[in-house]
Amino acid sequence: MQLKASWPRFLILAAALVAACDSRPPVTRHQFHAFGTIVTLSFYGADASQSAAALAELRAVYDEVGLDWYPWADGELRSINEAFAVSECTSVQPPLAGLIELSALHEQLSGGRFNAGLGRLSEIWGLQPVPVDRASLPDAAVIGELIDSAPSASALRRDGASWCSDNPHIMIDPGGIAKGVVLTISAGVLGQHGIESGIINIGGDLLVVGTVNGREASIGIRSPGSDTPIAGLDVRPGEAVVTSGNYERFVEIDGRRYTHIFDPRTGYPVDHTVSVTVVDSDPALADAAATALLVGGPGEFEAVAASMGLTYALLIDAQGDARLTPAMAERLHWVDSSGIVEQQ
Ligand code: AMP
Ligand code: MG
């Protein structure tokens with residue numbers, strides 16, 4: 001099903017706008033930098049010692065993940081990728097082994113649109129380790145050689161803890177799914193500390209734990225550079241809202257912007273889609289699917305949503321037209337130009 005929104009040309013990030021309530025339990029909010037973005041943790045009804053203990057544990061987990069799961073940090077994934085680059089086998093331990101397996105699963109579900117083996121492309125395009133603008137496009141032959149070798153997480157061979165690659169172009173980059181997995185881990189940490197209600201927001205990708213002040217959390221989906229929501233959504237306990245946007249990270253080449261999300265079939269950055277938001281009770285699926293739907297674009301929206309088993313997805317293409325799954329169309333409240341939320 002395709003629905004056209006009369007507006008937004010620009011899109012999207014999710015921001016938590018928690019509905020006001022008269023008899024509110026205390027809220028504790030913590031904000032800090034992690035994963036190159038801002039993390040906001042909101043705990044409802046937790047006492048000070050619960051909050052402090054959960055915060056300390058989450059910060060330690062985020063530091064570890066930032067080091068060991070980011071290919072350009074001096075951690076576990078870097079050494080693993082170095083072994084793959086010279087076709088050597090290497091030992092991969094949990095939880096990183098699980099993350100690579102999950103990436104391979106979502107690669108299959110998405111028909112290869114989600115591909116966590118493309119770290120080399122981010123380097124070729126100058127997006128990693130830090131975006132560097134340049135005067136000319138990367139060499140098409142270099143991109144072609146990489147793509148022809150079909151690098152991907154599913155191409156790795158595994159024998160117990162030993163993982164091997166025959167393709168030196170494979171560089172595991174779980175950036176398109178890691179935040180989703182971290183959201184799940186974070187919910188577990190809250191549970192261990194007896195915190196039953198909260199919102200974990202990693203740069204706009206969020207997970208709602210329990211109800212917020214006894215109700216579903218109202219989440220605003222807003223346009224970048226503005227706090228004005230373009231749409232609203234009530235998020236149920238345990239649901240994640242994850243957005244992939246082509247504006248989140250980019251380089252300028254000869255005056256034109258190129259995004260950080262690549263079509264694994266071509267090796268070129270996506271230009272047909274501005275953003276995708278997925279709501280699901282599996283944050284890793286929501287994360288991988290948002291990336292895959294962005295790669296597939298408007299033409300493949302329904303097919304990818306179906307193959308990944310999605311119920312709630314929204315895509316805004318480069319023309320500002322929206323596509324929604326039928327269930328998302330029922331749930332989303334568009335905000336009209338006067339800022340009034342229309343109940344659908
Ligand atoms: P996200 O914001 O979740 O869409 O993740 C974007 C990040 O995923 C990029 O910065 C890359 O590190 C990585 N990436 C880029 N293209 C793809 C792709 N087609 N499949 C999986 N990961 C990708
Ligand atoms: Mg993603």
Open item on the list: Starting from a Cα-only point model with no solvent, please compute log10 I(q)/I(0) by Debye for the chain at q = 0.10, 0.16 1/Å.
Closed with: -0.60, -1.44
TODO: Name the most mobile residue of Leu137, Leu41, Leu293, meaning the one with the largest mean-square fluctuation, in a Gaussian network model of the chain with Cα contacts below 10 Å.
DONE: Leu137
Task: Phi-based couplings in Hz for region 110-119 (Karplus 6.51, -1.76, 1.60; Gly and Pro marked x) - done: 8, x, x, 6, 8, 8, 8, x, 9, x
- [ ] Compute the Rg to Rh ratio over region 185-344 from the alpha carbon atoms, using the Kirkwood formula for Rh, and round to two decimal places.
- [x] 0.98
Task: Pairs of Cα atoms farther than 20 Å apart, region 113-216, % - done: 59
Task: Within a Gaussian network of the chain (alpha carbon springs, distance under 10 Å), most fluctuating of Glu107, Glu239, Glu145 - done: Glu145
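Among 273-286, 244-257, how do they line up by average Cβ neighbours within 10 Å per residue, starting with the highest? Working shown, then result.
On the way: 273-286: 25.2, 244-257: 16.9.
Going from most to least packed, we get 273-286, 244-257.
Relative contact order of region 227-343, please, whole-number percent, based on alpha carbon pairs below 8 angstrom and at least 6 residues apart.
After rounding, I find 27 percent.
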Task: Furthest towards positive pole of dipole, Ala290, Asn201, Gly232, structure part region 168-307, Cβ charges - done: Asn201
Task: Kyte-Doolittle mean at least -0.5, axial Cα span of 15 Å or more - DSSP H helices of the chain - done: 48-68, 96-109, 178-192, 283-296
Open item on the list: Per residue of region 315-325, what does 6.51 cos²θ - 1.76 cosθ + 1.60 with θ = phi - 60° give for ³J(HN,Hα)? Whole Hz please, x for Gly and Pro, Karplus curve as stated.
Closed with: 10, 10, 8, 5, 8, x, 8, 9, 10, 9, 5
Open item on the list: Once each part is reduced to its C-alpha centroid, what is the distance from region 137-173 to region 276-312 in angstrom?
Closed with: 24
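Every number here is computed from the coordinates shown, using simple stated rules; none is lab data. Since we're looking at a predicted model, the values are computed, not measured. Note that each Cβ is placed from the backbone with ideal geometry, even for glycine, and that neighbours are counted across all protein chains shown.
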